[in-house]
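The structure appears below as structure tokens.
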Amino acid sequence: MKIKKKIPLIDQHDKYGFWGGKFGGSFIPETLKKPVEDLEELFNKLRYQKKFLNERDFYFKNWVGSPTPLIKLGNLTKHLGGAQIWAKVVSEANGGAHKIYNATIHCLIAKKSKKKYIIGDTGAGYAGKMLSMAAKKFGLKCKIFMGAKDIVRQQPNVKAIKKNGAEVIPVYSGSQTLVDAVSECMRFWVANCDTTAMCVGSTVGPAIFVRICGWSTSQISRELKVQLIEEFGSIPKKLKLYNCVGGGSSSFGFWNEFMDYDKKQVEFIGVEAGGPKKSKKHAAPLTYGSKIGILHGAAQYVNQNSDGQIDETESISAGLDYPGVSPLHCFLKNTKRARYTAASDEDALEAYKLVTKYENLNPSLEPSHAFAEAIKTAPKLSKDTIIIVNSCGDAKKDRDIIKKRLGKII
């Protein structure tokens, strides 16, 4: 199955919510069927409503801080040689990461549906931090589910969530990371869906949540398209867009407006978390040929053991530490519209060191994976090739990890 031109990718699913006939769907308990149908009906109405679009644009501009900068990394480009390296600094958005777009839209939808409470999951803490910010902004009470392991390693964001008035619910089951936080969040929603809205933090979960998140984060590529035309006069003939991929929200948002371009002109490169070099564990189901399985209400490529059970992952990056991936990315892989690879923990740390040495930029460990691949490939490419890395989060949340691993205080 090919990508259909002129039809938004979030809408290229069948009546059951499957992209390409096998990725996505809505594997949910019967008790959630009505809330999911209601949410889908409301979203389908709001996304075409001029009043709602004006409201979205107002908050994106005046609260989120759109557009975020597009900057040339001249020193890094000169050091490496080859392609020009640029960064879309999405970390300049309010709160420090791309998660603010999805959180804002979910809270606006929750208000329209008369909900008083909103819940969400988080790994790196950014989705939770942004949802707590948006909930406070729009007068909603908020709970954030977070793996106990991630609570320890992402303390700056945990403190920010609490400061915003949200409750952090520790999850001690399984690997105590993002996958378990999503599971517990969904369980809570099953029992409280009448009064509570749920925000899934990435382009994962039942099809409606994939669509809402993808629609929200596409603000990134809408801005980028305008910025490229302003900078170059047109979309460059050799453009490569590098993005880290965990659940896949920032990468989909970074690429969406360029889906209609030939991949020879605009190439998408997704970089997953390869984990520590000395470990067999990773969070790269697209790169390492994982099989299709069901996770959090959707069919996707997912890390599994020989019995078909979900495998534990390992990554220095809490935001990428997830065994599955968005159905949208599975579809992009199968249609060969995007290329996927992985960077190890060590690769990401080295990339972080190099970027911060040469540029006034402080990318979190998530986009540092994308920078690692860009740094590796840039010297092999021509000088008229434009590489853009989505620097989708800042490293403030990673300060303890970076200090421990690199002896560097940020």
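The values are calculated or read from the model by the stated rules, or taken from the named source; none is laboratory data. Every value quoted in this text rests on a predicted model; they were computed, and no experiment measured them. With ideal geometry, Cβ positions are generated from the backbone for all residues, glycine too; neighbour counts draw on all protein chains shown.
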*Give segment 188-241 a look and list any residue that's among the hydroxyl-bearing types (Ser, Thr, Tyr), buried (at least 24 other Cβ atoms within 10 Å of the Cβ) and not in a loop (DSSP other than H, G, I, E, B), or say none.*
216, 217
_Exactly one of these conditions fails for residue 116: (1) surrounded by fewer than 23 Cβ atoms within 10 Å (Cβ to Cβ); (2) among the charged types (D, E, K, R); (3) closer than 26 Å to residue 248 by Cβ; (4) in contact (Cβ under 8 Å) with a residue 60 or more places away in the chain. Give me its number._
(3)
*Given the conditions (1) over 16 Å from the mean Cα position of the chain (by Cα); (2) assigned by TED's automatic domain parsing to the domain that holds residue 172; (3) buried (at least 17 other Cβ atoms within 10 Å of the Cβ); (4) in a helix (DSSP H, G or I), which single one is not true for residue 53?*
(3)
*Consider only pairs whose beta carbons are under 7 Å apart and that are at least six residues apart or on different chains; among these, list those whose first residue lies in segment 131-144 and is part of a strand (DSSP E or B) and whose second residue is modelled with pLDDT of 95 or more and basic (Lys, Arg).*
141/116
*If residue 60 passes every condition in (1) under 30 Å from residue 357 (Cα atoms); (2) surrounded by fewer than 24 Cβ atoms within 10 Å (Cβ to Cβ) but one, which one does it miss?*
(1)
*Select, from 239, 295, the only residue that is aliphatic (A, V, I, L, M), closer than 29 Å to residue 82 by Cα and in contact with a strand residue (DSSP E or B) (Cβ under 7 Å, 6 or more places away or on another chain).*
239
_So, restricting to strands (runs of 3 or more DSSP E) that lie completely within segment 285-402, which ones have at least 3 residues that are more than 30 Å from residue 234 (Cβ to Cβ), touching a Pro at 6+ places or on another chain (Cβ under 8 Å) and at pLDDT 95 or above?_
298-301
*From 266, 245, which residue is under 16 Å from the mean Cα position of the chain (by Cα) and among the hydrophobic types (A, V, I, L, M, F, W, C)?*
245
